[in-house]
Amino acid sequence: MNIVPLFFYLFSGLMVASAVMVVSARNPVHAVLFLILAFVNAAGLFLLMGAEFLAMLLVVVYVGAVAVLFLFVVMMLDVDFVELRQGFLQYLPIGALISAVFFIELALVLGTWKLAPDALKLAKSAAPVDAMNVRALGRVLYTDYVYFFQAAGLILLVAMIGAIVLTLRERHGVRRQDVMKQNARTKDTAMQVVSVANGAGVTTQGVKRADAAGQEV
């Protein structure tokens, strides 16, 4: 009995269910946990395809770093998601347009795809022994798909900047360091030399005068 199709349907079913729960979960912590589960099942699918490097990369980088970072950011920053959703209606037309374009692209892909003539022969043929996953992946990424690779990096950069902007909150009453203001300070603005009389005190406005009894005048 071949157990490879069994594991394929197991991993793919769990990954699709986890992806649906990521989108539909109300608790952001639960959404991140389902995202980790989806990454693990995707790594299992990569192992079935013989791409063990991609499986290791998915677990180590995405599960071990990115998803855990998302989890700690959500738990520690205490982001007010109710406040973030208040401006949802004003971005609804743009979101609807992007969603329509996305679904049209999916419909075109699903309606026009066809199996390559040599796909079954390539799947049944034995993989070359001297072709490592890392070398083959690097050759494909940096030769045939280098522009798509750079575009994906640019999209991730924009997404990271957007996440930082959304979670950035201005806190009032917190003292911050102004480096430009500190570097612009001179001797005249940084200190003041005063002559303090005996029995008088010093304030930020100047010198307090005191009489012989110690009372301020």
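The values are calculated or read from the model by the stated rules, or taken from the named source; none is laboratory data. Worth saying up front: this structure is predicted, and the values here are computed from it rather than measured. Glycine gets a Cβ as well: all are built from the backbone with ideal geometry, and neighbour counts include every protein chain shown.
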Here's a check for you: in region 196-205, which residue that is small (Gly, Ala, Ser) and over 58 Å from the mean Cα position of the chain (by Cα) is modelled with the highest pLDDT?
197
Residues of region 1-28 satisfying the condition of being in a helix (DSSP H, G or I) and of a type in the set (Val, Ile, Thr):
4, 16, 20, 22, 23
Which of the helices (runs of 4 or more DSSP H) contained wholly in region 75-185 include at least 2 residues that are at pLDDT 85 or above and farther than 21 Å from residue 51 by Cα?
92-112, 146-167
Residue that is surrounded by the most Cβ atoms within 10 Å (Cβ to Cβ) [pool: residues in region 34-52 that are at pLDDT below 85 and on the phi < 0 side of the Ramachandran plot]
51
